[in-house]
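Please read the structure below before turning to the comments.
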Amino acid sequence: MPTLGLIGLGKMGGNMRTRLRNAGHEVVGYDRNPDVSDVPSLEAMVEALPSPKVVWVMVPAGDPTHATIAALKELLNEGDLVIDGGNSKYTDDAVNAESLAEKGIGFVDCGVSGGVWGLQNGYALMYGGKEEHTKLAMPFFEALKPEDTPDGLVHCGPTPGAGHFSKMVHNGIEYAMMQAYAEGWELLDKVDIVQNVPEIFASWRTGTVVRSWLLDLLVDQLRADEHLDKIKGYAEDSGEGRWTVQAALENAVPMPAISASLFARFVSRQEDDVAMKAIAAMRNGFGGHAVISESEA
């Protein structure tokens, strides 16, 4: 069985290492945390790999990924392969691929979806790159994808960035789906004529057009905390929602639902709705509507 070098052994990377090993692959993992790392250094990891060496990078997007790939460029040789499985921006892939190609090192970008459940259920993999490079990655893709289905693994195109672009759009759609479920829950939870909201959502998981894994996760949370009193209404964004909206603007593609869901996350981070202060002031100006001060609220 082929051997893989895996950099980044956090929640995703650590579970991927386990799934690959369960499939019979040897994995040499490196992480800055010595408690989870198999080897003491990046150099030791590369040294332990047979040629052609295949290294999968699972570190945060941006500078950490750039720095890791730059270091691998100095350690790997012609015919070796780097797979970027993190959430890198698709425009970064062309830069990394071109840099590695200067030494004859292949590059494949791979969007990975599955979260903490991927270890058990498998990961959806969206990859981009030349066929000569993706062939080296295929044994690892096959081990990571969901079993007993032809779906979950797709070559999105030969151009570097095709995989990450597809994963970016996937995450943008995820934003909009989550927002729609959340708004529906808030309305159901607020009206007096409806009871047993968690079980209403649970009923939608069977036979309806809105069933999904996200719905399953929401039902689990609602059954544990019906009104979500223990959770603060604050949601970060990974960056991919922003990149999706930017790509839509650049390609003149209307994207109202995904854009609105992204902006809703920004609202969640405000202690007070700043824009609504201006609206309240204007209503008072033209209609004499009462303005509630912070001390009165």
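Values in this text are rule-based calculations from the coordinates and carry no lab data. Nothing here was measured: the structure is a model prediction, and the numbers come from that model. Cβ sites come from the backbone with ideal geometry, for glycine too, and all protein chains shown count toward neighbours.
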Between F286 and I193, what is 0.36 nm times their sequence separation minus the Cα-Cα distance? Round to one decimal in nm. 29.8 nm
At a temperature of 4 °C and a viscosity of 1.567 mPa s, determine how fast the range 168-274 diffuses translationally according to Stokes-Einstein, using the Kirkwood radius over alpha-carbon pairs as Rh; express D in µm²/s, rounded to the nearest whole number. 85
Determine the dipole magnitude for the range 168-274: charges of +1 sit on the beta-carbon of Lys and Arg, -1 on that of Asp and Glu, nothing else is charged, the reference point is the Cα centre, and the result goes in debye to the nearest 20. 280
For the chain, the charge dipole (Cβ of Lys, Arg +1; Cβ of Asp, Glu -1; about the Cα centre) points to a positive end, and the Cα of G285, A137, P34 closest to that extreme belongs to A137
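Based on DSSP H runs of at least 4 residues, each adding -39500 (n - 2.57), what is the mean residue ellipticity at 222 nm of the chain after dividing by all its residues, to the nearest 500 deg cm²/dmol? Present the calculation step by step, with values, prior to reporting the outcome.
Numbers: 12 runs with 147 residues, N = 297.
Computed ellipticity for the chain at 222 nm equals -15500 deg cm²/dmol.
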Highest-first arrangement of 23-33, 85-95, 142-152, 48-58, where packing means the average Cβ count within 10 Å: 85-95, 48-58, 23-33, 142-152
Kirkwood hydrodynamic radius (C-alpha pairs) into Stokes-Einstein, the range 53-131, 4 °C and 1.567 mPa s, D in µm²/s: 101
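Can you give the % of DSSP beta bridges in the range 52-170 that are antiparallel, to the nearest 5?
Details: 5 of 17 bridges.
The antiparallel proportion sits near 30 percent.
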Among T149, V82, Y234, the residue whose Cα sits farthest towards the positive end of the charge dipole of the chain, when +1 is placed on the Cβ of each Lys and Arg and -1 on the Cβ of each Asp and Glu, is T149
Extending each Cα 7 Å along its Cβ direction at E26 and T149, get the distance between those two points in nm, one decimal. 3.3
Dipole magnitude of the chain about its Cα centre, charges +1 at Lys/Arg Cβ and -1 at Asp/Glu Cβ only, in debye to the nearest 20? 240
Which entries in K89/K232; K53/K130; K11/K145 show an alpha-carbon gap greater than 19 Å? K89/K232
Once you treat every alpha carbon in the chain as an equal point and sum by Debye, what is log10 I(q)/I(0) at q = 0.12 Å⁻¹? -0.88
So if each residue of separation counts as 0.36 nm, and I subtract the Cα-Cα distance between A44 and K277, what length gain in nm does that give? 78.1 nm
Work out the charge dipole of the range 168-274 with +1 on the Cβ of Lys and Arg and -1 on the Cβ of Asp and Glu about the Cα centre, then indicate which of T244, V197, L222 is farthest towards its positive end. T244
Angle, helix 90-101 long axis vs. longest principal axis of the chain, Cα atoms, 0 to 90°, nearest 10? 10
Compute the angle between helix 131-144 and the longest alpha-carbon principal axis of the chain, please, reported from 0 to 90 degrees and rounded to the nearest 10. 60
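What is the mean projected area of the alpha carbon convex hull for the range 3-157, to one decimal in square nanometres?
On the way: hull surface 32.5 nm².
In nm², the orientation-averaged hull projection of the range 3-157 is 8.1.
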With angles folded into 0 to 90 degrees, how steeply does helix 256-268 sit against the dominant principal axis of the chain? Use alpha carbons for both and round to 10. 80
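Report the local net charge at V82: Lys and Arg +1, Asp and Glu -1, summed over other residues whose C-beta lies under 10 Å from its C-beta.
Charge balance in the 10 Å sphere: -1.
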Please give the length that would be gained between T208 and V267 if that part of the chain were fully extended, namely 0.36 nm times their separation in residues minus their C-alpha to C-alpha distance (nm, one decimal). 18.2 nm
